[in-house]
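In what follows, a single structure is set out as structure tokens and then discussed.
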Amino acid sequence: KPILESSINNHDALTTVSHFMTRFIDQHYNITKDIDVIYNFVDPDKFSHIKKPEKDDIVISHVSNFRKVKRSPDIIRAFAKVATQHKNIRLEMIGQGPELDYCQDLAISMGLKDHITFRGSLLNVPKILCYTDIFMIPSEVESFGLAALEAMSCKIPVIASNAGGLPEVITHEKTGFLAEPGDVDSLANYLTILIEDEKLRKQLGENAAKDAQTRFHPDAIIPQYEKLYEKTISG
């Protein structure tokens, strides 16, 4: 820790990707440098070509490295609560990691094997997102939430945890919904709302894309780095 603190304090400039990360550093490290918060951004060309196909079912997606902090099993438990009332929904779980086997076993034990698909690691995530209607990221903590931002860029409302940097990316009841970490009932409730209200689902998706293309567009973020570089060079 002292070595890390010394190294950081010897840098000419310091940035984080969220105000949450700045607070975390302030609370856990003795950093004397000012910290500039500059959000991540998405390449609009990566998602602008995506067109949603016509389909009958509602697809819920989760992209994860399946570490415990991602709370991926909470998605399966929330899905189980709504699946009995909504037969036209399916869940796509994308990625690999230490909790993947547990999640697969949980899906089987809850009788959801035919409703949940585990895709493993995929290079073409945008292709999955084009089929997605609702994106879920209920992590215990996220420094920012880039996966959520990518989903927002595809006009997908996001159900996320009210933790880490996620509330800085997702605006509750405008671009998605925020639940406290581990609150499976709230996750299920927000799922139900978005499944049953197509108009709201599309409106939140439109809001999400607009937010992604304004607040998190390269044209909004890159100038902040340029300004920081100029300030640092000039002393």
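The values are calculated or read from the model by the stated rules, or taken from the named source; none is laboratory data. If you're wondering where the values come from, they're calculated on a predicted model, not measured in any experiment. Please note: Cβ atoms are built from the backbone with ideal geometry, for glycine as well, and neighbour counts cover all protein chains shown.
Points worth noting:
- Every residue from region 146-172 that is within 18 Å of Ser186 (Cα to Cα) and surrounded by fewer than 22 Cβ atoms within 10 Å (Cβ to Cβ): Asn162, Ala163, Pro167, Thr171, His172
- Restricting attention to region 81-98, the residues being assigned to a helix (DSSP H, G or I) and touching an Asp or Glu at 6+ places or on another chain (Cβ under 8 Å) number 1.
- Test: residue in region 72-79 that is in a loop (DSSP other than H, G, I, E, B) and either modelled with pLDDT of 95 or more or surrounded by 14 or more Cβ atoms within 10 Å (Cβ to Cβ) (or both): no
- For beta carbons closer than 8 Å, sequence separation of 6+ or different chains, a first residue in region 61-83 that is under 21 Å from Phe144 (Cα atoms) and assigned by TED's automatic domain parsing to the domain that holds Leu112 and a second that is part of a strand (DSSP E or B) and of a type in the set (Gly, Ala, Ser), the qualifying pairs are Arg71/Ser161.
- Check on Phe66, within 11 Å of the chain's Cα centre (by Cα) and either among the charged types (D, E, K, R) or not in a helix (DSSP H, G or I) (or both): no
- Residue within region 43-50 that is surrounded by fewer than 18 Cβ atoms within 10 Å (Cβ to Cβ), of a type outside the set (A, V, I, L, M, F, W, C), part of a helix (DSSP H, G or I) and in contact with a strand residue (DSSP E or B) (Cβ under 9 Å, 6 or more places away or on another chain) present: no
- All of Ile60, Ile31, Ile38, Ile89 fail the test of being surrounded by 15 or more Cβ atoms within 10 Å (Cβ to Cβ), under 30 Å from Lys227 (Cα atoms), of a type in the set (Val, Ile, Thr) and at pLDDT 95 or above, apart from Ile38.
- In region 150-235, counting only helices (runs of 4 or more DSSP H) that sit wholly within it, the ones holding 1 or more residues that are within 29 Å of Gln85 (Cβ to Cβ) and at pLDDT 95 or above span 166-169, 184-196, 198-214.
- Which listed residue is assigned to a helix (DSSP H, G or I), over 25 Å from Thr192 (Cα atoms) and assigned by TED's automatic domain parsing to the domain that holds Val59, from Asp101, Asp105: Asp101
- Checked against the criterion of being in contact (Cβ under 8 Å) with a residue 24 or more places away in the chain and among the β-branched types (Val, Ile, Thr), the candidates Ile31, Ile25, Ile35, Ile108 yield just one match: Ile31.
- Of Ile116, Ile128, all but one fail to be among the hydrophobic types (A, V, I, L, M, F, W, C), in contact with a Leu (Cβ under 7 Å, 6 or more places away or on another chain) and crowded, with 20+ Cβ neighbours inside 10 Å; the exception is Ile116.
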